[in-house]
Amino acid sequence: MAKKTAKKAAKKAVKKPAKKAAKKAPAKKTARKPGAGLMKPYTPSADLAAVVGNKAMPRTEVVKKLWVYIKANKLQDAKNKRMINADAKLKPIFSGKGQVSMFEMGKHLSKHLK
């Protein structure tokens, strides 16, 4: 029996060469275009227009401009960077709250976009 198991082990140790897969031509990649809903222009309210401007723009641009304003005025909390301290212009946007987390910001922003 020892001979049979030795032979089986020797057969398992010898590896068969793997079959080469046929190479296919890579598919051409096209730049993805954002959906129409993502690029829909929104008009900001008067309170929000004081921060980002009154021109209609997509929500993504509004958020970008809001972050530029927050960073320029150093409104992120020093200890917890996820929190945003509201100044006089941001307080009406954040429903009168003095401090809002960056995750809540979108909720408050949606009330000011039409």
Worksheet item: Taking Thr43 and the conditions (1) over 14 Å from Phe94 (Cβ atoms); (2) surrounded by 12 or more Cβ atoms within 10 Å (Cβ to Cβ); (3) within 18 Å of the chain's Cα centre (by Cα), which numbered condition does it fall short on, given that it satisfies the others?
Response: (3)
Worksheet item: Among the residues of the range 62-77, how many are more than 17 Å from Phe103 (Cα to Cα) and either at pLDDT below 95 or of a type in the set (Lys, Arg) (or both)?
Response: 1
Response to the item:
Ala27 fails exactly one of (1) at pLDDT 90 or above; (2) assigned to a loop (DSSP other than H, G, I, E, B), namely (1)
Worksheet item: Quick check, is Pro92 touching a residue at least 40 places away in the same chain (Cβ under 8 Å) and in contact with a Leu (Cβ under 7 Å, 6 or more places away or on another chain)?
Response: no
Worksheet item: Quick one: in the range 86-107, which of the residues that are of a type outside the set (A, V, I, L, M) and in a helix (DSSP H, G or I) is surrounded by the fewest Cβ atoms within 10 Å (Cβ to Cβ)?
Response: Phe103
Response to the item:
Result of the Cβ filter at 9 Å on the range 41-55, keeping first residues that are within 12 Å of Leu113 (Cβ to Cβ) and touching a residue at least 12 places away in the same chain (Cβ under 8 Å) and partners that are hydroxyl-bearing (Ser, Thr, Tyr) and outside any loop (DSSP other than H, G, I, E, B), at least 6 apart or interchain, is Val52/Tyr69
Worksheet item: Cβ-Cβ below 6 Å, separation at least six or inter-chain, first residue in the range 62-80 and of a type in the set (Lys, Arg), second buried (at least 16 other Cβ atoms within 10 Å of the Cβ): which pairs?
Response: Lys65/Val52
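The values are calculated or read from the model by the stated rules, or taken from the named source; none is laboratory data. Everything numeric here is computed off the predicted structure, so don't read it as measured data. For neighbour counting, all protein chains shown are included, and Cβ atoms are generated from backbone atoms with ideal geometry for every residue, glycine included.
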